[in-house]
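Input: a single structure, listed below in structure tokens.
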Amino acid sequence: MPIGTPVSIGTAQNKTSAASLTITTTAAVAAGALIFICFMFVLDDTGVGAVDSAGNTYSVASGANVKLLYKENAAALPSGGTITVSTTNANNAKAVSAGYCTGIAASGALDQSAGVNSSGTTPSVSTGTTSQADELTIGFVGTLGPSGDVFNQDTSPAYASVPARVGTSGAGATSNVTVNAGTFVETATGVKTYNPTLGTSRTYLASILT
């Protein structure tokens, strides 16, 4: 089965002191698909997890303040279902965006992952060499900055803006967080890189998964 086109299924954000954030899904996910979640929050927290209304529980694939979570071979999740991401800290600013993709292996799907924390306008993160030609790449840059910041998607290769961009706003700029992400279906092995650009210099945390 070939890898399908990635689809966004919902976003959520708030600046309320709370230990969870819930997406109401905007599209149905077929049984067996890969669901992936990009989650950015202010307070460093190792106790992040996610569950949904179909009973799926999610694995965590990357580090502090920015989390990529995924569920391979997911149970079907209808439009109007919920995905709840939780932390052990009561985070004030937090944002989450989810998507799905069909045609991904039912088990052992994660091949390569990497992450970097830095600041500036040119985030970049790269994997090791992938083990097979046909893979989904998910790139994620979480910024300490408002949703109104300019974000320019990586166009080489041409990443799709899935899952959708989402963030908080108001008060001081760095009291906010924004999820910036992209997906690309690969057809060759190699080192995979995510290189979007930011319109304003921000502290960022970048992750990439294949």
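Just so it is clear, none of the values below were taken in a lab; they were calculated from the coordinates. As the structure is a computational prediction, the values presented were derived from the model and not from experiment. Positions of Cβ are backbone-derived with ideal geometry, glycine not excepted, and every protein chain shown enters the neighbour counts.
Structural remarks
- In this structure the amide hydrogen of A181, modeled in the peptide plane, comes within under 5 Å of the amide hydrogens of V141, none closer than 5 places in sequence on its chain.
- Peptide packing: for 140-153, 162-175, the average count of neighbouring Cβ atoms within 10 Å per residue gives the ranking 140-153, 162-175, highest mean first.
- Segment 98-185 pair-distance distribution - Cα-Cα, 10 Å bins, rounded %: 14, 44, 30, 11, 1
- Averaged over residues, the count of other Cβ atoms within 10 Å places the peptides 103-112, 176-185, 49-58 in the sequence 176-185, 49-58, 103-112, highest first.
- Point-charge dipole on Cβ atoms (K/R +1, D/E -1) for the chain, about Cα centre, debye to 20: 420
- Taking a straight line from the alpha carbon of K192, these lysines sit under 19 Å away, with near neighbours fewer than eight places off in the same chain left out: K67.
- Our coupling estimate for segment 124-141, obtained by passing each phi through the Karplus curve with A = 6.51, B = -1.76, C = 1.60 and θ = phi - 60°, is 8, 9, 9, 8, x, 6, 6, 8, 8, 6, 8, 9, 8, 9, 10, x, 8, 10 Hz, Gly and Pro reported as x.
- Sequentially through segment 51-58, phi angles give Karplus couplings (6.51, -1.76, 1.60; θ = phi - 60°) of 9, 9, 6, 8, x, 6, 10, 10 Hz, Gly and Pro residues having no value and appearing as x.
- Its residue count N sets the reference 2.2 N^0.38 Å, and the alpha-carbon radius of gyration of segment 143-199 equals 1.30 times that reference.
- Simple rule: put +1 on each Lys or Arg Cβ and -1 on each Asp or Glu Cβ in the chain, find the dipole, and look at G172, C101, M40; the Cα lying farthest toward the positive end is G172.
- Local net charge near T183, Cβ-Cβ under 13 Å (Lys/Arg +1, Asp/Glu -1): -1
- Amide H contacts under 5 Å for N73, placed H, 5+ residues apart: L34
- Coupling constants for segment 13-27 follow from the phi torsions by the Karplus curve (6.51 cos²θ - 1.76 cosθ + 1.60, θ = phi - 60°), and in residue order they are 7, 6, 10, 9, 5, 7, 9, 8, 8, 10, 8, 9, 6, 9, 8 Hz; glycine and proline get x.
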